[in-house]
1. Within the range 109-116, can one find any residue that is under 19 Å from the mean Cα position of the chain (by Cα), at pLDDT 95 or above and under 17 Å from Met39 (Cβ atoms)?
2. Return the residue satisfying two criteria in turn: it lies in the range 76-107 and is free of Cβ contacts under 8 Å to residues at least 12 places away in the same chain and not in a loop (DSSP other than H, G, I, E, B), and of such residues it is farthest from the chain's Cα centre (by Cα).
3. Kindly check whether there is at least one residue in the range 128-146 that is at pLDDT below 95, in a helix (DSSP H, G or I) and buried (at least 16 other Cβ atoms within 10 Å of the Cβ).
4. Does Arg68 satisfy being in contact with a helix residue (DSSP H, G or I) (Cβ under 9 Å, 6 or more places away or on another chain), over 26 Å from Thr146 (Cβ atoms) and among the basic types (Lys, Arg)?
Amino acid sequence: MASLIAALCATTATAKAHPSYLTESYCNTLVEQFVDYGMRSLGKYVNENFKPQYKGGIRNTINFLNQRSEWLGECDAYLADTAQTRIFYDEQNTKAIFDAMKDLAKELQLVRDGVEYPDETGANNPRPFIKSRYETLATLVDQHHTRMLMKKQFQ
């Protein structure tokens, strides 16, 4: 009996504590908001409003990416611990999306720090690099979205 109690105590001690607001429903809503509104907003910024000389917009976009990555990461850890699932379909896709978010934020930070991106004429043009990072993220998120739509269709 004592060994059973010790085993239960050891299991409880190693269980991770998660904030009470984390639920599967909350995490699903967070993902849906990121996939829909977040990516749409990010796409509009990258494709229409990105200007390297405006550091404030770049800073805000970096903060947006970092914040969403933190929130989604918290949900991913929660789902991995409680539901044995991942926030973006599986471990491989989740890692790829988080890496793409990090890569886009890093590239934006380089632009903000003043790193030059010379084009074929020698002019500073970071837009193709930023757009490429965004398109990688958008493709991965779109693949996730397609999987989720198919999953809902067959439920």
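The values are calculated or read from the model by the stated rules, or taken from the named source; none is laboratory data. What you are looking at is a predicted structure, and each value in this text was computed from that prediction instead of being measured. Note that each Cβ is placed from the backbone with ideal geometry, even for glycine, and that neighbours are counted across all protein chains shown.
1. no
2. From the range 76-107, those free of Cβ contacts under 8 Å to residues at least 12 places away in the same chain are 80, 84-86, 90-92, 95, 99, 106; that's our starting set.
Then drop every residue that is not not in a loop (DSSP other than H, G, I, E, B), which leaves 80, 91-92, 95, 99, 106.
Details: Ala80: 16, Glu91: 13, Gln92: 13, Lys95: 9, Asp99: 8, Lys106: 13 Å.
By that ranking, first place goes to Ala80.
3. Among the residues of the range 128-146, at least one is at pLDDT below 95, in a helix (DSSP H, G or I) and buried (at least 16 other Cβ atoms within 10 Å of the Cβ), which makes the answer yes.
4. Working: in contact with a helix residue (DSSP H, G or I) (Cβ under 9 Å, 6 or more places away or on another chain): yes; over 26 Å from Thr146 (Cβ atoms): no; among the basic types (Lys, Arg): yes.
Against the criterion (in contact with a helix residue (DSSP H, G or I) (Cβ under 9 Å, 6 or more places away or on another chain), over 26 Å from Thr146 (Cβ atoms) and among the basic types (Lys, Arg)), Arg68 does not qualify.
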